[in-house]
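Below you'll find the structure, written out as structure tokens, and then a few comments.
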Amino acid sequence: MKFKQITLFTNKNGFAEFGEELIELDQGSEQARLSTLMQSGGYQLRQSPVGFKSEFHVSTHPQWVFILSGQMQINLQDGSSKTFSPGEHFYSNDLLPEGATFDPKVHGHWSRQVGDSPLVTLFVRG
């Protein structure tokens with residue numbers, strides 16, 4: 001059994017892309033399948049008001065982003081986007097390429113709150 005995780009990463013040209021990663025659920029029992037234990041470096045909660053919109057930015061460190069309430073849209077340089085709802089998550093790993101200087105016309109993503117409810121997210125550092 002496998003768990004599908006949406007991933008946001010930096011491709012070889014320095015642009016952010018969406019991808020998918022399958023995580024093996026090979027621990028536990030038939031009634032409670034688990035992945036191997038993963039390390040984390042702490043967590044933060046965030047509330048963003050209705051109307052929130054960020055500028056283009058990159059992730060400063062790999063982290064899982066879990067949507068607790070509201071909706072979050074992630075937008076990429078190529079115009080593609082994905083909207084995440086409560087109970088969904090993604091792994092944010094679109095780091096600035098080593099040696100690069102941030103260019104908002106090339107690097108990263110921007111996010112925004114969607115709908116009429118504030119956005120509440122949980123960030124868990126990888």
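Conditions tested, residue by residue: (1) within 14 Å of the chain's Cα centre (by Cα); (2) modelled with pLDDT under 95; (3) under 17 Å from Leu122 (Cα atoms); (4) surrounded by fewer than 17 Cβ atoms within 10 Å (Cβ to Cβ).
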position: Ile6; (1), (2), (3), (4): yes, no, yes, no
position: Lys12; (1), (2), (3), (4): no, yes, no, yes
position: Tyr43; (1), (2), (3), (4): yes, no, yes, yes
position: Arg46; (1), (2), (3), (4): yes, no, yes, yes
position: Phe66; (1), (2), (3), (4): yes, no, yes, no
position: Asn75; (1), (2), (3), (4): yes, no, no, no
position: Pro86; (1), (2), (3), (4): yes, no, yes, yes
position: Asp94; (1), (2), (3), (4): yes, no, no, no
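Only one of Ile74, Ile23, Ile6 is among the aliphatic types (A, V, I, L, M) and free of Cβ contacts under 8 Å to residues at least 24 places away in the same chain; which?
The match here is Ile23.
From (1) of a type in the set (A, V, I, L, M); (2) part of a strand (DSSP E or B); (3) closer than 19 Å to Gly19 by Cα, pick out the condition that doesn't hold for Leu68.
(3) is the only condition that Leu68 fails.
Out of all the residues in segment 18-26, is one or more in contact with a strand residue (DSSP E or B) (Cβ under 9 Å, 6 or more places away or on another chain), of a type in the set (Gly, Ala, Ser), closer than 17 Å to Ala100 by Cβ and at pLDDT 95 or above?
Here is the first cut: in segment 18-26, the ones in contact with a strand residue (DSSP E or B) (Cβ under 9 Å, 6 or more places away or on another chain) are 18-26.
Checking the rest, the ones that are also of a type in the set (Gly, Ala, Ser) come to 19.
Subsequent filtering for residues that are closer than 17 Å to Ala100 by Cβ retains none.
No, every residue in segment 18-26 fails to be in contact with a strand residue (DSSP E or B) (Cβ under 9 Å, 6 or more places away or on another chain), of a type in the set (Gly, Ala, Ser), closer than 17 Å to Ala100 by Cβ and at pLDDT 95 or above.
Given the conditions (1) in a strand (DSSP E or B); (2) surrounded by 12 or more Cβ atoms within 10 Å (Cβ to Cβ); (3) out of contact with any Leu (no Cβ under 8 Å at 6 or more places or on another chain), and given that Glu20 satisfies all but one, which numbered condition is not satisfied?
Result: Glu20 fails condition (2) only.
Quick test of your reading of the structure: Glu55 fulfils all but one of (1) farther than 17 Å from Leu8 by Cβ; (2) assigned to a loop (DSSP other than H, G, I, E, B); (3) in contact with a strand residue (DSSP E or B) (Cβ under 7 Å, 6 or more places away or on another chain). Name the failing condition by number.
(1)
Could we say that Thr36 is under 22 Å from Phe3 (Cα atoms), at pLDDT 95 or above, in a strand (DSSP E or B) and of a type in the set (Val, Ile, Thr) here?
Details: under 22 Å from Phe3 (Cα atoms): yes; at pLDDT 95 or above: yes; in a strand (DSSP E or B): no; of a type in the set (Val, Ile, Thr): yes.
Considered against the rule, which asks whether it is under 22 Å from Phe3 (Cα atoms), at pLDDT 95 or above, in a strand (DSSP E or B) and of a type in the set (Val, Ile, Thr), Thr36 comes out as no.
The values are calculated or read from the model by the stated rules, or taken from the named source; none is laboratory data. None of these values were measured; they are calculated from a predicted model. A quick note on method: Cβ atoms are made from the backbone with ideal geometry, for glycine too, and the neighbour counts reach across all protein chains shown.
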